[in-house]
1. Total Lys pairs in the chain closer than 19 Å by alpha-carbon, pairs eight or more apart in sequence or interchain only?
2. Given the C-alpha atoms of the chain, compute the convex hull and give its volume per residue in Å³.
3. Return the calculated 222 nm mean residue ellipticity for the chain, to the nearest 500 deg cm²/dmol, obtained by summing -39500 (n - 2.57) across DSSP H runs with n ≥ 4 and dividing by the residue count.
4. Tell me, what is the per residue accessible area of the chain in Å², probe radius 1.4 Å?
5. What part of the accessible area of the chain, given as a whole %, is carbon or sulfur when the probe is 1.4 angstrom?
6. Note the angle between two axes, namely the Cα long axis of helix 59-71 and the longest principal axis of the Cα atoms of the chain, as a number of degrees from 0 to 90, rounded to the nearest 10.
7. Given a cut-off of under 8 Å on Cα pairs at least six residues apart, what relative contact order in percent is computed for the range 1-68?
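The values are calculated or read from the model by the stated rules, or taken from the named source; none is laboratory data. Small disclaimer: the values here were computed from a predicted structure and weren't measured. These area figures cover heavy atoms from the full protein model, side chains too; ligands, DNA and RNA do not enter into them. Shrake-Rupley method; radii C 1.70, N 1.55, O 1.52, S 1.80 Å.
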Amino acid sequence: MAENFTYDIIGEPTVISQGSAGWNLELNKISWNKRPAKYDLRSWSGDHQKMGKGVTLSTEELLKLRDVLNSIEIS
């Protein structure tokens, strides 16, 4: 059974890609359950009422991910 939770998107969403069904993959800064905001990568419906599974990262984790991505060759 799903728990009730709250979320507040801080600032404007950064759309990474747009799906054909009106959902967007977005990087957002989100406060979950009134906790300090973290970075969050997941798909959202156009009205932000529905969300897909995603990953939430602290600032330190996002910076480490950036460094890792900058250090590898992506082909």
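1. Eligible lysine pairs with Cα atoms under 19 Å apart amount to 8.
2. Values: hull volume 9.5 nm³, N = 75.
So the per-residue hull volume is 127 Å³.
3. Details: 1 runs with 13 residues, N = 75.
Taking each H run of at least 4 residues, the total per residue is -5500 deg cm²/dmol.
4. 80 Å²
5. Accessible surface attributable to carbon and sulfur in the chain totals 53 percent.
6. Relative to the chain, helix 59-71 is tipped by roughly 40 degrees.
7. Numbers: 112 pairs, mean separation 15.7, N = 68.
In percent, rounded to a whole number, it is 23.
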